[in-house]
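Report on the following structure.
The values are calculated or read from the model by the stated rules, or taken from the named source; none is laboratory data. Predicted model, so just to flag it, every value in this text is computed and none were measured. Glycine gets a Cβ as well: all are built from the backbone with ideal geometry, and neighbour counts include every protein chain shown. These area figures cover heavy atoms from the full protein model, side chains too; ligands, DNA and RNA do not enter into them. Shrake-Rupley method; radii C 1.70, N 1.55, O 1.52, S 1.80 Å.
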Amino acid sequence: SYTFETTGDWTIEQNGDPLSAAGNGDGGGMLVGCVFDNYTLSDEFELGETGSFTAPADGHLVLRCRDGWGMLADNKGSVTLKLRPAMP
């Protein structure tokens, strides 16, 4: 289990409004993750701007901005994630 917080913003469309890792009202631009292990990706899980989560499996945490795979070329900006083990 981990806690996290983010800083920064990004856009998901040309001349779009800056979004935090929380994304927009439709979930676009939200920070999401999955775990990569043994050449398999877990189901995607929502992270957002701050909070906690329990990894669904052992492996490497993979993060991305929620946007269509064919629509990433116009994205700009960056979000920094600070990740810490959750305290028992």
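Packing around the peptides 17-25, 38-46, 56-64, taken as the average count of other Cβ atoms within 10 Å per residue, puts them in this order, highest first: 17-25, 56-64, 38-46. Counting charges near Arg66 (Lys, Arg +1; Asp, Glu -1) among other residues having Cβ under 9 Å from its Cβ returns a value of -2. Spin-label model, Phe45 to Asp26: label points 7 Å out along the Cα-to-beta-carbon direction sit 2.7 nm apart. The Rg/Rh ratio of segment 1-57, with both radii computed over alpha carbons and Rh defined as the Kirkwood radius, is 1.04.
Explain nothing, just the number: dipole magnitude of the chain about its Cα centre with +1 on each Lys and Arg Cβ and -1 on each Asp and Glu Cβ, in debye rounded to the nearest 20. Dipole size: approximately 280 debye. For a paramagnetic label modelled on Thr7 (point 7 Å from Cα along Cα→Cβ), amide N atoms under 15 Å away belong, within segment 19-34, to 21. Within the accessible area of the chain, the carbon and sulfur atoms contribute 50%, probe 1.4 Å, all protein chains present.
Ordering Thr3, Thr80, Thr54 by accessible surface, largest first, gives Thr54, Thr80, Thr3; the 1.4 Å probe counts only protein heavy atoms, with every chain in place. Taking Cβ atoms as reference points and 13 Å as the exclusive limit, the residues near Glu44 contribute a net charge of -1, counting Lys and Arg as +1 and Asp and Glu as -1.
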